[in-house]
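*Asks:* Let me give you the structure first, and then I'll get to my questions.
The values are calculated or read from the model by the stated rules, or taken from the named source; none is laboratory data. In this text the structure is predicted, and so the values were computed from the model without any measurement. In this analysis, Cβ positions are derived from the backbone assuming ideal geometry, glycine residues included, and neighbour counts consider all displayed protein chains.
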There are 2 protein chains.
Amino acid sequence: MATVYKAPLRDMEFVYYELLGGEKLAELPGYEEADPDTVKAIWEEAGKIAEEVMFPLNRTGDEEGCHFENGVVRTPKGFKEAYDLYCESGFTGLTADPEYGGMGMPHSVGLMIAEMMSATNHSFSMYPGLTHGAYNAINAHGSEEQKNTYLPKFVEGTWSGTMCLTEPQCGTDLGLIRTKADPKEDGSYNINGTKIFISAGEHDLTDNIVHLVLARMPDAPPGIKGISLFLVPKFLIKEDDSLGPRNGVSCGAIEHKMGINANSTCVINFDDAEGYLIGKKHKGMEAMFVMMNSARVGTGMQGLAACEQSYQGAVEYARERVQMRSLTGAKHPEMKADPIIVHPDVRRMLLTIRAYSEGCRAMSSWIAQELDQHEKNPDPVRKQEADDLASLLTPVIKAFQTDVGFESANLGVQVYGGHGFIREHGMEQYVRDARIAQLYEGTNGIQALDLVGRKMGMHMGRYLRRFFHPVQEFIEAEMEVPEMNEFVMPLAKAFSRLQQASAWIAQEGMKNPDQAGAASVDYLRMFGLVTLAYMWARMAKIALAKQDGDEAKFYQAKIKTARFYMQKLLPQTGSLFSTIMTGSETLMDFDEEFF
Amino acid sequence: MATVYKAPLRDMEFVYYELLGGEKLAELPGYEEADPDTVKAIWEEAGKIAEEVMFPLNRTGDEEGCHFENGVVRTPKGFKEAYDLYCESGFTGLTADPEYGGMGMPHSVGLMIAEMMSATNHSFSMYPGLTHGAYNAINAHGSEEQKNTYLPKFVEGTWSGTMCLTEPQCGTDLGLIRTKADPKEDGSYNINGTKIFISAGEHDLTDNIVHLVLARMPDAPPGIKGISLFLVPKFLIKEDDSLGPRNGVSCGAIEHKMGINANSTCVINFDDAEGYLIGKKHKGMEAMFVMMNSARVGTGMQGLAACEQSYQGAVEYARERVQMRSLTGAKHPEMKADPIIVHPDVRRMLLTIRAYSEGCRAMSSWIAQELDQHEKNPDPVRKQEADDLASLLTPVIKAFQTDVGFESANLGVQVYGGHGFIREHGMEQYVRDARIAQLYEGTNGIQALDLVGRKMGMHMGRYLRRFFHPVQEFIEAEMEVPEMNEFVMPLAKAFSRLQQASAWIAQEGMKNPDQAGAASVDYLRMFGLVTLAYMWARMAKIALAKQDGDEAKFYQAKIKTARFYMQKLLPQTGSLFSTIMTGSETLMDFDEEFF
């Protein structure tokens, strides 16, 4: 019995159009092509590739892993062919600018595809995912020449990209970077240093690999304000844009990891490598943040993907596996035992995963559409509003979704019992692969600090208000609707906790930043839970109006999942509130030597 | 930077003697040798072997795994030598009856050693662990001849044992067993069938392997009441107890798993194997339960071990890793950044693991001592009391401790950031190894059903009262003590929630068993949290009296960890209570086809 995967196209359409009104994006200049029919056709095509090509390579890729020999990395069998198909199908250029050969689709359309690819093959999806990040950074901060040279290759997929931030002595704290960039007479830089944890840092899928490298110039101020961003290709580029000689970039090793074994995680050495400044001197962090923010929403999507893959695998097993009788008497007396889906606790596990999965799809699609609004809406007010909201919720999407993704992957294993621990079934790989998403792109603890330390206080709480106001309005409007009561009341209660906690953290954190730090992770979790409650209440509203129509089952399931969410998952906010309000004392009043 | 391990001997002594009064065990007939000096010397010796022999083999064993070729299983390099040392040091016979060569130590003494072995090498510890289970089953239900033949070999460690329950079509539901036992004329049985997931089912550590096999006789009633237990040795035993020809037992394959790679998980085929009935015909489940109950406390200990190993690894890293400044200003201005142990959220993670680790050590040692009281106390009232309490808390220890063990292992990885994902550091192995303990010996969901479905209602709630009364008395007595207030108040609040939830489940579950099933997992978690709160309040009381003495730091750390537990972990009971009280409707009112 192995896992299964079917692209959740119906739910994607529900979220994207019925819930979020995604058809409005096609009205924005530059997104004219994104009419619903086109978008659905693209998703369908992507779903087919995910199901038929990516999914079968997931377990074989995990078992085989990447090979490293004499500085050369070979990806597992079938990855090159799958990558070529992915490029030919146009997915590498889907959201790229038509100027560079892209299809100009909204990022929110691409993110659904990212979900499907990640759900069927997390390791594979990272190769084009990192190129996408490099595209965004060069597009935002590169020179015209850089854009013209590199972006079309990224769109074709013939060249790929990386993000080179981490060094052995620095991860979170990029101010500690030691990699050096010495200016040369021709305007380029001599790059020297060692980077670690470089995903897709070396592989055999593309002709060239373009590293985006954070490094320090000799005249740089110390710390984070002295970091610049450089473009360092594996092969130098000739005048005619064809490949020249090998640059001073080499892969020193690949890491042996808990999961994502089919993605190469490399040590990359730069020895007098030729690099080119991207953006301004010493302003590398700003350029990098462009990449990091979209990468963080993408990472959140990997959490959602972990929910979805785990849900599908677990439901299939729960229907097939026959064990024990229902507590209320045999449901299938003709069989020797009942399928385990009759047991309340198995249902609790399945519905938990489902409620997180569909809720996260709603939350992240909402914010992805806001990012598109920010990018293309000509109205500066709407643009700013979208940016505020996306800034606020980016750390929540990254951390909350990857946390519940990992929890869901583990619930999926639990549904399988002992069989879940066996590699053959594929469920334990979901756990190992999902684990990385809580760690990379800024650990989830760092996301929580970003939320309480930066986003919360920004512009005197303006970001927060962008979220609080519509939720408040929704609650007030729906409070009067009797059939919405069961959804609105729990939302209102949890929302009030969130508001109180926000006020407390803002006030206490001013006096003592450790108070904010101590509350941060619990607060982010509460934020995610309340956002999902808001999404679920809105989804329930839509479903209530359609529950007697053609797709009665689909909408009834939505209503019931919303109800489950409110009763079984949202109450977590109660404990989180209590814990937050106990403050930082028990954490800080513990002498270092006592540990 | 790799993980570290130092046997937590001081804390073991604190729990075993200062908290639980373990010296009283030496007053029981049969435990006379268990005076504190002897016990401490044994722990010290075990700690040394754990630190110096088992710990270094943990990662190499994981990387190498077990080898399977032509039916033969080879354990990783060094395991045979380590096993021989373990036997020579007397640990295989530590708690065994002196009649069979054992040292007759209390089980609670052995369990501390099991913790150290599991914390340093989960895979290794399972080999002697399973023999210990087989010893208990034969000792309780075997014939005199069986005991005389097998038990001395188990004590020496020259033969080992297994538990053969699971088959492809049955795990939880042992009523579905198909393995057959046909009586032969000489009184032995012909065993035919296939068992899966047999830990230590085949290996190269011992001369013989003795399988305890559940099978069905031709005249057996259907289901669980027709199962008998058989002893099936790999090599037949000659009259003089030397090894005869190979029996019809073979290893068909070993599983490839998420973790515990150095322990062989085998498919065992029985083809006309000669087997001998243990205990009574069709009463195999009763005999097996003896094994399972002690195995469940042992599995809970593996959860505690996961907390301890993870704590030690994470603290070491948090002291050494330098990254970012403290939120309240540089703590080590002479360095480029502060060690991450200054950050509130890192402290939250470390203290969470610590509070679970020390709390679980207290809870499981308490119950282990009760098991010893049950076994040796001549007073039938005290004996029964001990059995009641142990029966009640066994599923809690198994499930709660393995759940928080897994959570702790993951927090340990999180403290390491991206480095936690890299195998070299050893932290991710703790996660993979800890995961199995939530699945085997009855999944944690099954433990929860055992608690609400069997233990709770047993003898009109007598088991529950064995726990509720002393907690109630403690609360009433300490409520008056001002310095205990901060510990007793939260305990009282959580305890009241537990009582209310118990009453609700008992009442509702009578009307509709799905109500009990729906609440079970949340209820067990709440039970574990309240038990730990009771332990922590008692530990705080002891520490308060000693905080100014010679070991001021040790006791102050206890008080502060107790405070942390009450403020930061115990509040989980609030959400659990809310969730329990919403009942089963959202779980059961979800059509099967909707999933």
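*Asks:* Scan B:R563, B:R538 and give me the residue that is surrounded by fewer than 24 Cβ atoms within 10 Å (Cβ to Cβ), more than 11 Å from chain A (Cβ to nearest Cβ) and in a helix (DSSP H, G or I).
*Replies:* B:R538 is the lone residue from the list that is surrounded by fewer than 24 Cβ atoms within 10 Å (Cβ to Cβ), more than 11 Å from chain A (Cβ to nearest Cβ) and in a helix (DSSP H, G or I).
*Asks:* Then there's this: Just checking: which of the helices (runs of 4 or more DSSP H) contained wholly in the stretch A:54-154 hold 1 or more residues that are farther than 22 Å from A:A262 by Cα?
*Replies:* Here the list reads A:107-120, A:122-141.
*Asks:* When you scan the stretch B:330-345, how many residues do you find that are in contact with a strand residue (DSSP E or B) (Cβ under 9 Å, 6 or more places away or on another chain) and under 23 Å from A:L524 (Cα atoms)?
*Replies:* So the count comes out to 1.
*Asks:* Taking the condition of being surrounded by 24 or more Cβ atoms within 10 Å (Cβ to Cβ) and at pLDDT below 95, how many residues in the stretch B:481-535 meet it?
*Replies:* 0
*Asks:* Determine whether the stretch B:421-430 contains at least one residue that is among the basic types (K, R) and crowded, with 24+ Cβ neighbours inside 10 Å.
*Replies:* no
*Asks:* Take A:K511 and decide whether it is without any contact (Cβ under 8 Å) to a residue 60 or more places away in the chain, within 14 Å of another protein chain (Cβ to nearest Cβ) and not hydrophobic (A, V, I, L, M, F, W, C).
*Replies:* Criteria met by A:K511.
*Asks:* For B:A533, are the conditions met, namely being among the hydrophobic types (A, V, I, L, M, F, W, C) and out of contact with any Pro (no Cβ under 8 Å at 6 or more places or on another chain)?
*Replies:* No.
*Asks:* Kindly provide the set of residues from the stretch A:420-440 that are farther than 18 Å from A:R525 by Cα and more than 8 Å from every other protein chain (Cβ to nearest Cβ), ordered by number.
*Replies:* A:H425, A:G426, A:M427, A:Q429, A:Y430, A:D433
*Asks:* Filter the stretch A:1-35 for residues that are at pLDDT 95 or above and closer than 16 Å to A:Y311 by Cα; which is surrounded by the fewest Cβ atoms within 10 Å (Cβ to Cβ)?
*Replies:* Ranking the candidates gives A:R10 first.
*Asks:* For the stretch B:146-169, which positions are more than 10 Å from chain A (Cβ to nearest Cβ), crowded, with 19+ Cβ neighbours inside 10 Å and hydroxyl-bearing (S, T, Y)?
*Replies:* Once the filter is applied, which keeps residues that are more than 10 Å from chain A (Cβ to nearest Cβ), crowded, with 19+ Cβ neighbours inside 10 Å and hydroxyl-bearing (S, T, Y), the stretch B:146-169 yields B:T149, B:Y150, B:S160, B:T162.
*Asks:* Let me ask something else about it. Can you tell me how many residues in the stretch B:386-409 are more than 15 Å from B:R296 (Cα to Cα) and not aliphatic (A, V, I, L, M)?
*Replies:* Total meeting the criteria: 4.
*Asks:* For the stretch B:1-53, give me the residue count where each residue is assigned to a loop (DSSP other than H, G, I, E, B) and of a type in the set (S, T, Y).
*Replies:* 3
Here's the yes/no breakdown for (1) within 14 Å of chain A (Cβ to nearest Cβ); (2) outside any helix (DSSP H, G or I); (3) in contact with a Cys (Cβ under 8 Å, 6 or more places away or on another chain):
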| position | (1), (2), (3) |
| --- | --- |
| B:V297 | no, no, no |
| B:E308 | yes, no, no |
| B:R348 | yes, no, no |
| B:C360 | no, no, yes |
| B:E375 | no, no, no |
| B:D387 | no, no, no |
| B:L392 | no, no, no |
| B:F400 | no, no, yes |
| B:V404 | yes, no, yes |
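*Asks:* Within the stretch B:170-226, considering only strands (runs of 3 or more DSSP E) that don't extend past its boundaries, which have at least 2 residues that are closer than 24 Å to B:G71 by Cβ and within 14 Å of chain A (Cβ to nearest Cβ)?
*Replies:* Output list reads B:189-199.
*Asks:* Next up: Taking the criterion of being in contact with a His (Cβ under 7 Å, 6 or more places away or on another chain) and over 30 Å from A:G223 (Cβ atoms), would at least one residue in the stretch A:341-354 satisfy it?
*Replies:* No, that holds for no residue.
*Asks:* Now for a different question. Note down all Cβ pairs under 9 Å where the first residue falls in the stretch B:566-583 and is on the phi > 0 side of the Ramachandran plot, the second is among the polar types (S, T, N, Q), and they're at least six residues apart or on different chains.
*Replies:* B:G583/A:Q567; B:G583/B:N512; B:G583/B:Q515
*Asks:* Among B:E320, B:E334, which is the only one that is more than 12 Å from chain A (Cβ to nearest Cβ), surrounded by fewer than 20 Cβ atoms within 10 Å (Cβ to Cβ) and out of contact with any His (no Cβ under 8 Å at 6 or more places or on another chain)?
*Replies:* B:E334
*Asks:* Please go through the stretch A:441-466 and pick out each residue that is out of contact with any Ser or Thr (no Cβ under 9 Å at 6 or more places or on another chain) and either among the polar types (S, T, N, Q) or within 12 Å of chain B (Cβ to nearest Cβ) (or both).
*Replies:* Within the stretch A:441-466, no residue meets the criteria.
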